[in-house]
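Notes follow the structure.
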Amino acid sequence: MSVDAEKTILALPEVESCRIIYRDGELDQIYVSARIPTHHPRERLQFIKSLVRSVVGALALEHGWNIDYRKVKIVDSLDAPVADKPKLQEARIRIVAAYIRYTPQPEVRVELAFNGSNYGGQARYDAADPTGAAAAAFIEAFHQMDLGEVVPIFAHEIPGCLAHGNLVIAKMRYTCNGQQADLLGIAESNQDVILCTVRACLDALNRKVALYWLDSCCPAESNRILTE
């Protein structure tokens, strides 16, 4: 049923992706990534409110769902003008490793590959907050690529249920070339929470980061990370 509901949401104008999250068998949150066609704060707010109403109305009309509008979260895919420059090389970030190293003081280690080079990050492992430790190690590795600055906002694990497997939702603030964006990523995995968190972090950045290199300059075109 949730698959049909997601298809209904995806049919709405400007919607790029969505995910319906359940907790204890009840609908918990609906995350919708949409292309907001304005940068004016007031117009953006009006568009978001209108899209929330459209999501609630479409689900009520097509599926008979009575949803609290506060459960609908709109994530801005942040459309930006593309520079009039040729794409010379398409870059790809790949996860090489993501694991806990059990030493006298356990730590999370993350290794990423980008343009033929490997970048590693590590953070002290906290059994009470494994997703936070994994996100910190990922960010340390990412910063070595000089593709912009990332600040974690949260990384939260949602246990699996009949509707989905284990999920990690990660939100982070990305800044590059004077532009700032809050990005949300979701990953589902039957593997361990460390790897799932790293996948969620990459999913968040994939909604905004430009990784097309122009000579040896900083990324200049608004596009997407290609991840593995």
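The values are calculated or read from the model by the stated rules, or taken from the named source; none is laboratory data. As the structure is a prediction and not an experimental result, all values here were calculated from the model. Heads up, the Cβs are rebuilt from the backbone with ideal geometry, glycines too, and the neighbour counts pull from every protein chain shown.
Numbers at a glance
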| quantity | calculated |
| --- | --- |
| Failed condition for Ile20, given (1) modelled with pLDDT of 85 or more; (2) part of a loop (DSSP other than H, G, I, E, B); (3) closer than 18 Å to Leu184 by Cα | (2) |
| Options Ala135, Ala141, Ala155, Ala127: the member that is in the same structural domain as Thr103 (by TED's automatic domain parsing), closer than 18 Å to Val110 by Cβ and in contact with a Cys (Cβ under 7 Å, 6 or more places away or on another chain) | Ala135 |
| Residue ranges of strands (runs of 3 or more DSSP E) in region 130-203 with at least 1 members at pLDDT 90 or above, within 22 Å of Arg101 (Cβ to Cβ) and out of contact with any Ser or Thr (no Cβ under 7 Å at 6 or more places or on another chain) | 149-158 |
| Region 108-122, residues that are loosely packed, with under 15 Cβ neighbours inside 10 Å and assigned to a strand (DSSP E or B) | Ser117, Asn118, Gly120 |
